[in-house]
Amino acid sequence: MKLHATVAAVTARITERSRASRSAYLQQIEAAAARPPGAERMGCANVAHAFAGMPGNDKFRVVVERGPNIAIVNAYNDMLSAHAPLEHYPELIKQVARERGATAQVAGGVPAMCDGVTQGTPGMELSLFSRDVIAMATAVSLSHDVFDAALMLGVCDKIVPGLLIGALQFGHLPTVFVPAGPMTSGLSNSEKGKVRELAAQGKVGREELLKAESAAYHGQGTCTFYGTANSNQMLLEAMGLHVPGTAFVNPGNELRAELTREAARTVLEIVKARRYMPIGRMVDERCIVNAMAALLATGGSTNHLIHWVAVARAAGIQIDWDDFSALSDVVPLLTRVYPNGSADVNQFQAAGGPGYVIRELLDAGLMHEDVLTVRPGGLREFTRWPVAKAEGGLHWEDIGASKDEHVVRPAAQPFSASGGLKLLKGNLGRSVIKVSAVPEDRHVIEAPARVFDSQEALQQAFKAGELERDVVCVVRWQGPQANGMPELHKLTPPLAVLQGKGHRVALVTDGRMSGASGKVPAAIHVSPEAAAGGPLARLRDGDLVRLDAVAGTLEVLVDAAEWGAREPATMPAELRAANGVGMGRELFAGMRRNALKAEEGACTWL
């Protein structure tokens with residue numbers, strides 16, 4: 001299938017825009033790849049320290065026999081349900097390495113926090129910047145520099161982007177990502193959402209709410225809605241950085257363990273075949289565009305309009321929201337997975353999963369097929385799903401037609417002709433909206449603004465009955481420089497209640513909502529942010545605001561002369577004093593000062 005003209009044009013302009021930075025990046029990884037192996041290059045004391053903790057046979061393999069040595073970077077902790085299974089992965093990987101005359105070392109661990117735990121608390125203000133901490137921890141892990149390849153063990157929101165950014169600093173290494181899969185289905189996401197709305201109205205108490213939440217989040221694995229964590233896995237499949245079909249196999253399934261072993265075999269095959277397929281070469285402009293297309297086709301997390309900008313920058317590639325917007329115009333929506341539908345990711349997987357979506361996009365000319373992947377067969381290998389052999393090992397089978405067209409549809413019969421994300425521009429700045437979950441009659445909202453300086457203030461106004469009308473709720477001082485850009489999920493239930501009562505409501509914020517933003521129209525990531533003197537700092541209660549996801553505009557309908565003459569507000573002194581104090585936030589002050597705009601990836605390292 002010929003590549004779609006828009007996909008080709010977007011790729012071409014990204015390539016041209018990135019020419020100098022990408023060239024410099026490739027020169028850097030070429031120089032690193034040209035060096036002798038670490039055990040030969042380093043001094044004897046360095047080598048002795050690097051392998052002192054190894055069992056004797058492993059030490060012999062790597063030092064004397066010069067066998068390949070795999071770095072394992074592990075995001076394991078048992079606080080995160082999705083990461084708890086990773087505890088036992090290193091031993092599986094080491095067994096495979098030994099069977100093939102190689103070795104593997106846990107090069108380091110990276111922190112991994114759960115946004116579900118910290119949502120609506122001060123700890124959430126560490127969340128976005130934890131991505132860059134994870135990237136730095138990955139770099140520290142790989143800086144021992146005695147590795148021939150790497151395996152990245154991680155799953156959730158900031159963890160995968162952080163691992164990927166860190167791995168790209170060592171772009172000369174062949175690298176495979178190793179997830180753990182979603183938890184089995186519990187209380188449905190839609191039923192959980194209903195209980196949350198009842199709780200917001202005071203119709204059910206804490207006991208009933210906790211019972212519902214615990215029935216939804218009940219075991220090991222990622223949460224089953226299609227938020228940032230599961231969007232991560234979809235994008236890694238589309239980029240060819242997984243073993244094909246790895247994303248959504250549940251923990252505890254024997255297939256899951258075999259896929260982990262296959263990840264070790266895959267990275268060793270790259271090394272031993274001497275195929276020059278380092279991650280820095282694989283993650284090129286075409287690969288990034290493939291990830292963007294997969295995100296749009298599945299109505300994935302809006303967080304990736306920040307994270308994948310940062311990932312691309314780490315590989316010397318410059319993308320922006322105009323690129324996402326152009327692709328969204330031509331990439332159809334092929335899935336309905338909560339919050340864009342009632343199905344969860346297990347139902348998505350059963351209906352065809354990532355492989356089905358990738359095949360449909362390739363066949364429609366909406367993804368680049370001529371890309372490098374961790375498998376020799378290229379991206380077509382990622383259009384099949386894995387099956388365990390009775391005698392051990394794996395084979396891959398064709399997925400065939402959608403098993404449930406309420407969940408996954410062919411590109412010729414999509415749920416929507418365009419993707420699930422929309423760029424909004426106007427006198428309130430640049431922002432994005434996830435329209436795939438929003439009813440069509442709510443794509444345009446025009447109503448008076450109610451301006452809040454915190455999410456707590458909005459919740460208090462809701463409880464006091466002050467928002468029982470058509471209203472655009474504006475929550476400012478939530479950007480990267482203000483307070484680390486926390487997600488504002490606690491606002492979804494009260495706004496959904498107002499919308500359910502027939503009021504026309506919307507949220508406008510320089511904060512985040514991510515993959516679970518739901519059915520209420522929300523213009524998020526407004527840039528420049530209020531703390532940087534952005535337009536939200538000029539808004540006042542009662543200003544008429546128009547959010548138009550059809551035309552792609554976000555505007556305050558105030559006379560231009562009056563608007564231009566307004567002095568921007570400053571962050572309230574008490575809010576500024578409280579920001580960055582307690583819960584370890586003091587340690588992130590430098591990151592808040594240095595953070596780039598959301599559209600620039602909110603990077604703290606450039």
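Bear in mind that the values in this text are calculations on the coordinates, not laboratory data. On a predicted model such as this, the values are computed, not experimentally measured, just so you know. Ideal geometry is used to build each Cβ from the backbone, glycine not excepted, and the neighbour counts take in all protein chains shown.
For the reader, a short list of remarks on this structure follows.
- Segment 1-37: trypsin sites (Lys or Arg not before Pro) falling in loop per DSSP and having at most 14 other Cβ within 10 Å: Lys2
- Rounded to the nearest 20 debye, the dipole magnitude of the chain is 680 debye, with +1 charges on Lys and Arg beta carbons, -1 on Asp and Glu beta carbons, and the Cα centre as origin.
- Neighbourhood charge, 12 Å Cβ-Cβ cut-off, centred on Arg566 and excluding it, Lys, Arg +1 and Asp, Glu -1: -2
- Difference of contour (0.36 nm per residue) and Cα-Cα distance, His395 to Ala417: 4.5 nm
- Val550-Glu562 pseudo-label distance in nm [points 7 Å out on the Cα-to-Cβ vector]: 2.7
- Spacing of the modelled spin labels on Arg100 and Glu440, each 7 Å from Cα toward Cβ, amounts to 5.0 nm.
- CD proxy at 222 nm, helix term only [per DSSP H run n ≥ 4: -39500 (n - 2.57); per residue of the chain; nearest 500]: -11000 deg cm²/dmol
- Close amide-amide hydrogen proximity is noted between Val249 and no other residue 5 or more places distant or on a separate chain, at a cut-off under 5 Å (H modeled in the peptide plane; Pro and chain starts excluded).
- The chymotrypsin sites (Phe, Trp or Tyr not before Pro) of segment 243-346 meeting both criteria, a DSSP state outside H, G, I, E and B (loop) and at most 16 other C-beta atoms within 10 angstrom of the site's C-beta, are Tyr276.
- Residues whose placed amide H lies under 5 Å from that of Val204, excluding near-sequence neighbours: Ala199
- Of the peptides 374-386, 235-247, 192-204, 336-348, the order by per-residue mean of other Cβ atoms within 10 Å, starting with the highest, comes out as 235-247, 336-348, 374-386, 192-204.
- Between the amide H of Ala343 and those of Tyr338, distances stay under 5 Å, these residues lying 5 or more places away or on another chain, with hydrogens modeled in the peptide plane.
- Candidate lysines for bridging to Lys501, where Cα separation is under 28 Å - those fewer than 8 sequence places away on the same chain excluded: Lys192, Lys194, Lys203, Lys211, Lys422, Lys434, Lys463, Lys490, Lys519
- With both labels modelled 7 Å from their Cα along Cα-to-Cβ, the Ala24 to His218 distance reads 5.3 nm.
- Kirkwood hydrodynamic radius (C-alpha pairs) into Stokes-Einstein, the chain, 37 °C and 0.692 mPa s, D in µm²/s: 133
- Across segment 279-286, computed HN-Hα scalar couplings (Karplus, 6.51 cos²θ - 1.76 cosθ + 1.60, θ = phi - 60°) run 4, x, 7, 5, 7, 10, 4, 5 Hz from first to last residue, x flagging Gly and Pro.
- Karplus 3J(HN,Hα) series, Hz, for segment 571-581 with 6.51 cos²θ - 1.76 cosθ + 1.60 (x for Gly, Pro): 4, x, 4, 5, 6, 4, 5, 6, 4, x, 10
- Phi angles across segment 249-260 convert, under the Karplus curve 6.51 cos²θ - 1.76 cosθ + 1.60 with θ = phi - 60°, into 3J(HN,Hα) values of 8, 5, x, x, 6, 4, 4, 4, 5, 5, 5, 5 Hz, Gly and Pro given as x.
- Taking 0.36 nm per residue of sequence separation and removing the Cα-Cα distance, the Lys425/Thr570 pair yields an extension gain of 49.9 nm.
- Compared with the direct C-alpha span, the chain from Ala9 to His88 gains 24.0 nm at full extension, assuming 0.36 nm per residue.
- Looking at segment 24-98, the trypsin sites (Lys or Arg not before Pro) that sit in a DSSP loop and have at most 13 other Cβ atoms within 10 Å of their own Cβ are Arg66.
- Excluding same-chain neighbours fewer than eight residues apart, the lysines reachable from Lys272 by a Cα-Cα span under 24 Å are Lys59, Lys94.
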